[in-house]
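The values are calculated or read from the model by the stated rules, or taken from the named source; none is laboratory data. For clarity, every value in this text was computed on a predicted model and none was experimentally measured. FYI the Cβ positions are ideal-geometry reconstructions off the backbone, even for glycines, and counts take in every protein chain you see. Heads up: the accessible areas ignore ligands, DNA and RNA and are worked out on the full protein's heavy atoms, side chains in. Shrake-Rupley method; radii C 1.70, N 1.55, O 1.52, S 1.80 Å.
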Amino acid sequence: AQKAITNMRAVIDDPTTLAMIGLSASNRAKTVFDALGKEIRDSAIPFLSNISVNSIFQDYPNVFTTQASQDDERLPVMTSFIRHMNFARPAFIGLRDIVFSSALGDGLKEMLEGGLVSDHRLHARGDGVDTAEVAAAISELKEKEADLLVLAVGTNRAAAVMKEMMAAGFTPGLFITGRIDALPTEIAHAYSNAVYQLAWD
């Protein structure tokens, strides 16, 4: 993050800069805009980013994105889908201190009429998650009879959470952020079979 701030400051201060392209991770983007927002706006340099949480830069007329907007596109589509499919008890598991994940959980809580029956923000442990936190979250989801889980923890962590859910015998409808094709095949198939078996029973 500090290197991104340093690089951005160098670009803004360079009188030959015509435009900026880049910056994709929402956490890093928020750090950069928190530190240099005024300078970015005042520079009037066109800035083409790849940031999905557009609330980070919505007040900057010279900043644009190539990403679909989480605030204006992804969240309305997800909440419409949840309503259309008649899910009555949606829940969320995301990551603490990750802007993208937090913004998604907060947005769902706000946009869904009944909110969320359960909302957990896990601590990231490298590429994994804290198993005790996952177990506590699954236990509460079961107790509150969540019928849909929006899982926004990243593809690798999602597989670990899905595995724990199957072990606990709890397999609600699942809405995953990230790349579903990157989930380990055996976990994806086992989870879908578990949901099918549960529905069939």
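Against the definition (assigned to a helix (DSSP H, G or I) and touching a residue at least 60 places away in the same chain (Cβ under 8 Å)), how does L108 come out, yes or no?
Values: assigned to a helix (DSSP H, G or I): yes; touching a residue at least 60 places away in the same chain (Cβ under 8 Å): no.
No.
Of the residues V129, V153, which single one is modelled with pLDDT under 90 and either of a type in the set (S, T, N, Q) or in contact with a strand residue (DSSP E or B) (Cβ under 7 Å, 6 or more places away or on another chain) (or both)?
Working: V153 fails: modelled with pLDDT under 90.
Selected residue: V129, the only one of V129, V153 that is modelled with pLDDT under 90 and either of a type in the set (S, T, N, Q) or in contact with a strand residue (DSSP E or B) (Cβ under 7 Å, 6 or more places away or on another chain) (or both).
Okay, residues lined up against (1) under 16 Å from L75 (Cβ atoms); (2) among the polar types (S, T, N, Q); (3) touching a Lys or Arg at 6+ places or on another chain (Cβ under 9 Å):
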position	(1), (2), (3)
D97	no, no, yes
D130	no, no, no
A137	no, no, no
L148	yes, no, yes
V153	no, no, no
E164	no, no, no
P172	no, no, yes
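Considering each residue of region 137-159, count those that are open to solvent by 60 Å² or more (accessible area, probe 1.4 Å) and either more than 20 Å from the chain's Cα centre (by Cα) or without any contact (Cβ under 8 Å) to a residue 24 or more places away in the chain (or both), and give that number. Step through it out loud before you land on a result.
From region 137-159, those open to solvent by 60 Å² or more (accessible area, probe 1.4 Å) are 139, 142-145, 156; that's our starting set.
Those still in the list that are either more than 20 Å from the chain's Cα centre (by Cα) or without any contact (Cβ under 8 Å) to a residue 24 or more places away in the chain (or both) too: 139, 142-145.
So the answer is 5.
Kindly indicate whether L104 is among the hydrophobic types (A, V, I, L, M, F, W, C) and in contact with a Lys or Arg (Cβ under 6 Å, 6 or more places away or on another chain). Quick ask: steps written out before the conclusion?
On the way: among the hydrophobic types (A, V, I, L, M, F, W, C): yes; in contact with a Lys or Arg (Cβ under 6 Å, 6 or more places away or on another chain): no.
So L104 fails the test.
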